[in-house]
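Single-structure report; data block below.
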Amino acid sequence: MTYKEISKFLSSFNTNSYNRSQIGNKKQTIINIYELLKKLNINSKNIEILIRNIAYLNYEEINIPLYIELLSKSYGFINIYELKDVIKVVKEVHNLYFKSSPNIPLEEYLHDTPETRIKKIFLNRNNKYIMKNFTSPEYLNYISDLKLASAIELNQKEYKEFISYINEYEKYQNTYSPLSIFKTYRRLRKYLKDNSQLFWDIFFGNEYIVGLIKYNIKIEDIYKKNIYHNYQKKSSKEALQLDLFTYQEETIEPEIKPLEDLKVIQFCTIYNSNKFIEEKELLNSYHNLLNSKEKIELPKLKENKNNYVYNVNI
């Protein structure tokens with residue numbers, strides 16, 4: 001980031017327009033956020049929109065590293081949703097974690113590795129998943145939509161287990177498996193619409209990534225590049241008649257292309273890819289390694305059909 005770019009941005013951003021309780025009042029904080037978003041390869045116009053929304057938030061109601069962490073991985077959804085909806089829903093997901101996530105200084109967050117950032121924000125000192133608060137009225141519609149989708153897709157036993165982690169997370173925290181829950185969610189997300197799907201895509205996508213990081217699996221080993229949208233050509237139900245005189249061809253709708261080549265893994269990539277890991281596979285591999293009397297080498301990921309599993313054939 002050059003001084004010229006920063007100066008150009010600050011020339012249109014007046015920190016004096018915000019009171020001391022708002023993020024926009026601190027110039028250095030705004031500069032840090034701007035630089036971070038720029039490094040992610042987000043275009044300048046959208047960076048300004050994002051920052052102006054962040055600037056109005058009060059320090060007491062936002063954990064900046066937590067918010068930036070969720071926002072940076074949710075941005076790819078703008079290929080499907082309006083940017084304003086992504087901003088709104090990211091803040092709502094942020095609120096789920098807000099009370100339990102440690103408030104790490106922004107400077108510390110910026111200097112940590114991506115894996116360390118996630119561990120500090122979403123895992124406690126005992127390396128357990130932090131609490132989530134679903135009791136706020138703002139989640140009622142989202143939870144209702146999730147329950148309806150679950151009732152359509154899951155059997156009674158699956159439904160009870162899946163919804164228990166939403167209704168009574170504190171009670172079932174010790175048995176919580178985000179990798180297994182993510183697999184279940186992939187089955188039912190097709191029944192969710194609009195912001196409900198966006199909300200749960202962000203939440204369960206984030207929990208899945210946290211689960212991988214907890215087991216020290218590098219996300220880049222699974223997802224080499226971002227997949228912003230799986231385009232499916234719409235097939236017309238009407239029969240097509242060949243025009244023998246003009247040789248008129250069927251018009252094919254162009255593929256939707258990503259708006260940016262983002263420099264961080266996106267939640268949308270997880271859903272647009274057929275690659276995912278299950279927790280039981282990790283536990284089985286650890287068990288095999290512990291019981292092995294032979295020389296142990298670090299396991300490597302290999303592709304097995306639609307899943308990634310640990311290679312224990314060493």
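Filter the stretch 56-70 down to residues that are open to solvent by less than 10 Å² (accessible area, probe 1.4 Å) and either within 15 Å of Lys38 (Cα to Cα) or free of Cβ contacts under 8 Å to residues at least 40 places away in the same chain (or both) and give me whichever is nearest to the chain's Cα centre (by Cα). Can you show your working first?
Step one: filter the stretch 56-70 for residues open to solvent by less than 10 Å² (accessible area, probe 1.4 Å), giving 62-63, 65-70.
Going one step further and asking which of them are either within 15 Å of Lys38 (Cα to Cα) or free of Cβ contacts under 8 Å to residues at least 40 places away in the same chain (or both), we end up with 62, 67-69.
Values: Ile62: 18, Tyr67: 11, Ile68: 11, Glu69: 9 Å.
The qualifying residue nearest to the chain's Cα centre (by Cα) is Glu69.
The residues of the stretch 121-145 that are over 19 Å from Tyr176 (Cβ atoms) and surrounded by fewer than 17 Cβ atoms within 10 Å (Cβ to Cβ), listed by number, are Ser136, Pro137, Glu138, Leu140, Asn141, Ser144. Beta carbons closer than 6 Å, at least 6 apart along the sequence or on distinct chains, pair a first residue in the stretch 163-177 that is over 13 Å from Leu96 (Cα atoms) and at pLDDT below 80 with a second that is in a helix (DSSP H, G or I) and hydroxyl-bearing (Ser, Thr, Tyr) for Tyr172/Ser164; Tyr172/Tyr165. Go through (1) modelled with pLDDT of 50 or more; (2) in a loop (DSSP other than H, G, I, E, B) one by one and return the number of the condition Asp201 breaks. Tallying (1) modelled with pLDDT of 50 or more; (2) in a loop (DSSP other than H, G, I, E, B), Asp201 fails exactly one: (2).
Going residue by residue through the stretch 174-183, is there one that turns out to be on the phi > 0 side of the Ramachandran plot and open to solvent by 80 Å² or more (accessible area, probe 1.4 Å)? Checked against the condition, which is being on the phi > 0 side of the Ramachandran plot and open to solvent by 80 Å² or more (accessible area, probe 1.4 Å), the stretch 174-183 yields no hits at all. If you go through the stretch 17-70 and keep only what is over 19 Å from Ser101 (Cα atoms) and among the hydroxyl-bearing types (Ser, Thr, Tyr), you end up with Ser17, Tyr18, Ser21, Thr29, Tyr34, Ser44, Tyr56. Screening Asn95 against (1) modelled with pLDDT of 95 or more; (2) crowded, with 21+ Cβ neighbours inside 10 Å leaves a single unmet condition, (2).
In the stretch 115-140, which residue that is assigned to a helix (DSSP H, G or I) and more than 20 Å from the chain's Cα centre (by Cα) is nearest to Glu61 (Cα to Cα)?
Restricting to residues being assigned to a helix (DSSP H, G or I) and more than 20 Å from the chain's Cα centre (by Cα), the top hit is Pro137.
Does Lys73 satisfy the criteria of being open to solvent by 60 Å² or more (accessible area, probe 1.4 Å) and more than 15 Å from Asn103 (Cβ to Cβ)? So Lys73 fails the test.
If I filter the stretch 151-173 down to residues being closer than 20 Å to Asn133 by Cβ and in a helix (DSSP H, G or I), which single residue comes out as most open to solvent (accessible area, probe 1.4 Å)? Of everything passing the filter in the stretch 151-173, Asn167 is most open to solvent (accessible area, probe 1.4 Å).
Would you check which residues across the stretch 184-208 are of a type in the set (Val, Ile, Thr) and crowded, with 23+ Cβ neighbours inside 10 Å and list them? Give the steps one after another, and end with the answer.
We begin by selecting, within the stretch 184-208, every residue of a type in the set (Val, Ile, Thr); these are 184, 202.
Within the stretch 184-208, just Ile202 meets the criteria.
Thr113 meets all of the listed conditions (1) free of Cβ contacts under 8 Å to residues at least 24 places away in the same chain; (2) in contact with a helix residue (DSSP H, G or I) (Cβ under 7 Å, 6 or more places away or on another chain) but one, namely (2).
The values are calculated or read from the model by the stated rules, or taken from the named source; none is laboratory data. What you see is a predicted model, and the numbers here were worked out from it, not measured in a lab. Neighbour counts run over all protein chains shown; Cβ positions are idealised from the backbone, glycine included. Accessible surface areas use protein heavy atoms only, side chains included; no ligands, DNA or RNA. Shrake-Rupley method; radii C 1.70, N 1.55, O 1.52, S 1.80 Å.
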